[in-house]
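Student: For reference, the structure I am asking about is given below.
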Amino acid sequence: MSDYERVTYRITIDASRCNGCNNCTTACPVNAEMRKKEDYDPNDRVIAIKNGVAVVINPFRCDGDGVCMIVCPQDCISLEFIPLEEYEDTTSVQP
């Protein structure tokens, strides 16, 4: 099964409410994967801090555990269960 076929969650972040605390990126078990420095690709992360706010980088890695929502003090992260056949990548990364 490909990573795309596993996706059943859509993660969204309200950037207007994010304070850039980095709690979500620290807590995410998918982002905690250990790699050699030369193999690290920042685009593999589900969430990253860009220009002081959290943004979704790679929604296809999200496993839907919701830890990011729990640790967010601004309550700006939401996670929605969706049927696979209805999944569309609606995220956009602003540099």
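Student: List the number of the failed condition for Thr25; all other conditions in (1) at pLDDT 85 or above; (2) under 16 Å from Tyr9 (Cβ atoms); (3) within 9 Å of the chain's Cα centre (by Cα) hold.
Tutor: (2)
Student: Restricting attention to segment 4-19, report how many residues are hydrophobic (A, V, I, L, M, F, W, C) and modelled with pLDDT of 90 or more.
Tutor: Total meeting the criteria: 3.
Student: So, one more: Do the conditions hold for Arg35, that is, is it assigned to a loop (DSSP other than H, G, I, E, B), over 13 Å from Leu79 (Cβ atoms) and modelled with pLDDT of 90 or more?
Tutor: No; evaluated as a whole, the condition is false for this residue.
Student: What residue, among those in segment 59-74 that are touching a residue at least 40 places away in the same chain (Cβ under 8 Å) and part of a loop (DSSP other than H, G, I, E, B), is nearest to Val46 (Cα to Cα)?
Tutor: Ranking the candidates gives Cys62 first.
The values are calculated or read from the model by the stated rules, or taken from the named source; none is laboratory data. Small disclaimer: the values here were computed from a predicted structure and weren't measured. Every residue, glycine among them, receives a Cβ derived from its backbone with ideal geometry; neighbour counts consider all protein chains shown.
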